[in-house]
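Notes follow once the structure below has been shown.
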Amino acid sequence: MPLHLRCSRLLGALMTALLLISGLGSCSTEEDFTSDSFRNFDVLWETLDRNYCYFDLKLPKDSSWADMRLKWRSQLRAQMSSDSLFLVLTGLISELKDGHVNLITPFDQGRYWRWKSDYPAGSNSSLIEDYLGQDYRIAGALSYTWLKHHDHGQDSIGYIRVSSFAQGLSEGNINAALSRLSGCRALIIDIRDNGGGQVTNSDLLASHFIDAERVVGYMSHKRGPRHDDFAPRVELRLRPVDRGVRWLRPVVLLVDRGVYSAANDFTLRMSGLPLVTIMGQPTGGGGGLPMSSELPNGWSVRYSASRTYDAEGRDIEQGITPDLTLSFEREAAIRGYDTMIEGAVSYLKERFEHLRRTRRWSKFPR
């Protein structure tokens, strides 16, 4: 047989094998697929009806999820473009007012942003760059420096900016940053406008600020079709890092409305620690652990499928209230001052002076 024919047959066999393998790994069959607007709407509504966990928090008291079905299903037509169907389905999920509920398609993502956009900004990226200065260091997701802007060099305060928990973060990164800031008497960790990322990163960072294991909250998973069908709560424990730097000096954690998901989780883990003070504005929340399902047309829906509570049993989905409130003042920002950072510096200086006067900080740098 000629070589080109043998190559052609071999290529055809390989393609057939790949198609068979991909078919075995698929979540649906060709018979399951449909672009029917009513079918896709119903599957979306039913998926959330059985699995979503925050109906009691998100829907108005005088309405129900069934009401939302009637409201949005009436806008469907037998023949609809993908864009038109997308708008209807996005309208439905937006009724939940949940940043973790998303519709994922090849051409767009349905999302709800008003949990953040309805609130004033709590930070300014240009100002943060000014406070970091030109020579700040970078260790994975951490940008850090000895705070010197506006003559703060003599205050001996370290500054760590964590803009996202989606970036890589390792023990080595954290140890490097805390070691190089070890000459500082206190620390500001700034997570304003951090929309989250990987919970493992937030947990890893928090483990460097405690010296003993503690319960920081609880989680309960949705386990049945009823809206109130949840598994018993399980403890969320934070354990100190086994090896590496443990920072056991005063810390201010700066937060605002843009703190969401894994960043909200980090705030939960840091809240209540003896030397940590949460300052700023209430966080945006996002305490639900997301899960995903597929619609008949191949689109995906992501939704919150578990609930998270703080150590006192309060649900953190709607956000965490800081220990001390700070506001971000636009007029001061125009003059080059970040009132949240400045407020954190003032607080830490007062706290340090108190500890020094009471001789409780003799082992720390002066």
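The values are calculated or read from the model by the stated rules, or taken from the named source; none is laboratory data. Everything quoted here is computed from the prediction, not taken from an experiment. All Cβ positions, even for glycine, are placed from backbone atoms using ideal geometry, and neighbour counts span all protein chains on display. For accessibility, only protein heavy atoms count, side chains too; no ligands or nucleic acids. Shrake-Rupley method; radii C 1.70, N 1.55, O 1.52, S 1.80 Å.
Could you go through segment 140-157 in sequence order and give the Karplus-derived ³J(HN,Hα) for each residue, using 6.51 cos²θ - 1.76 cosθ + 1.60 with θ = phi - 60°, rounded to whole Hz, and x for Gly and Pro?
x, 7, 9, 10, 9, 6, 7, 5, 10, 4, 6, 6, 8, x, 6, 7, 6, 10
What is the distance in Å between the Cα centroid of segment 315-347 and that of segment 165-198?
About 19 Å separates the Cα centre of segment 315-347 from the one of segment 165-198.
Classify segment 261-357 from the C-alpha gyration tensor, please: rounded if a/c falls under 1.5, else prolate or oblate depending on whether a/b exceeds b/c. Walk me through the numbers before you get to the answer.
Values: a/c = 4.00, a/b = 1.86, b/c = 2.15.
The shape class here is oblate.
Would you mind checking the pairs Lys71/Lys116; Lys148/Lys349; Lys58/Lys222; Lys58/Lys97; Lys61/Lys116 and listing those with alpha carbons more than 18 angstrom apart? Working shown, then result.
Working: Lys71/Lys116 25 Å; Lys148/Lys349 14 Å; Lys58/Lys222 16 Å; Lys58/Lys97 6 Å; Lys61/Lys116 22 Å.
In this structure, Lys71/Lys116; Lys61/Lys116 lie more than 18 Å apart at Cα.
What is the distance in Å between the Cα centres of segment 218-235 and segment 87-111?
Going from one Cα centre to the other spans 24 Å.
Excluding ligands, DNA and RNA, what is the solvent-accessible area per residue of segment 113-160 at a probe of 1.4 Å, expressed in Å²?
Numbers: 2740 Å² over 48 residues.
Accessible surface, normalised per residue, equals 57 Å².
Near the amide H of Val252, under 5 Å away, which other amide H atoms are found, from residues 5 or more places off or on another chain, if H is placed in the peptide plane?
For Val252, the qualifying residues are Leu187, Ile188, Ile189, Thr277.
For segment 178-291, with all protein chains present and a 1.4 Å probe, just round the carbon and sulfur fraction of the accessible area to a whole percent.
Numbers: 2050 of 4240 Å².
On segment 178-291, the fraction of accessible area on carbon and sulfur atoms equals 48 percent.
Report the label-to-label distance for Ser64 and Asn297 in nanometres (one decimal), using points 7 Å from each Cα along the Cα→Cβ vector.
Those two pseudo-labels are separated by 2.8 nm.
Between 0 and 90 degrees, rounded to the nearest ten: what's the tilt of helix 37-51 against the longest Cα principal axis of the chain?
With both axes taken from Cα atoms, the answer is about 40 degrees.
Please report the carbon-and-sulfur percent of the accessible area for segment 128-170; probe 1.4 Å, protein heavy atoms only, DNA, RNA and ligands left out.
Details: 850 of 2050 Å².
About 42 percent, which is the carbon plus sulfur part of the accessible surface.
Could you state the accessible area per residue of segment 259-300 in Å², with a 1.4 Å probe and every protein chain left in place?
Details: 1080 Å² over 42 residues.
Per residue, segment 259-300 has 26 Å² of solvent-accessible surface.
Compute the Rg/Rh shape ratio of segment 136-263: radius of gyration over Kirkwood radius, all on alpha-carbon atoms.
Numbers: Rg = 16.8 Å, Rh = 16.0 Å.
On the Cα set of segment 136-263, Rg over Rh gives 1.05.
Calculate the translational D of segment 251-305 in whole µm² s⁻¹ from Stokes-Einstein, where the hydrodynamic radius comes from the Kirkwood formula applied to all Cα pairs, the temperature is 25 °C and the viscosity 0.890 mPa s. Intermediate results must be reported in sequence, preceding the final value.
Values: Rh = 12.9 Å.
Diffusion coefficient, whole number: 190 µm²/s.
At what distance in nm do the modelled label points of Arg239 and Phe107 sit from each other, each positioned 7 Å from its Cα along Cα→Cβ?
Spacing of the two 7 Å Cα→Cβ label points: 4.9 nm.
Out of these labelled values of Cα Rg over 2.2 N^0.38 Å, (1) 1.21; (2) 1.28; (3) 0.99, which was calculated from the coordinates shown here?
Recomputing Cα Rg over 2.2 N^0.38 Å here gives the entry labelled (1).
Between His221 and Arg246, how many nm apart are label points set 7 Å from Cα along the C-beta direction?
In this crude spin-label approximation the distance works out to 3.1 nm.
Would you mind calculating the gained length between Ser74 and Ser170 on full extension (0.36 nm times residue separation, minus the Cα-Cα distance), in nm to one decimal?
On the way: separation 96, 0.36 × 96 = 34.56 nm, distance 5.03 nm.
Gain on stretching Ser74 to Ser170: 29.5 nm.
Tell me, what is the percent relative contact order of segment 216-354, built from C-alpha pairs under 8 Å that lie six or more residues apart? It would help to have the intermediate numbers written out before the result.
On the way: 236 pairs, mean separation 33.5, N = 139.
Relative contact order, segment 216-354: 24 percent.
Quote the FRET efficiency, to the nearest 0.05, computed for Arg50 versus Ala311 with a Förster distance R0 of 25 Å and r equal to the Cβ-Cβ distance. Could the numbers behind the result be given before it?
Working: r = 30 Å, r/R0 = 1.20.
For Arg50 and Ala311, the calculated efficiency is 0.25.
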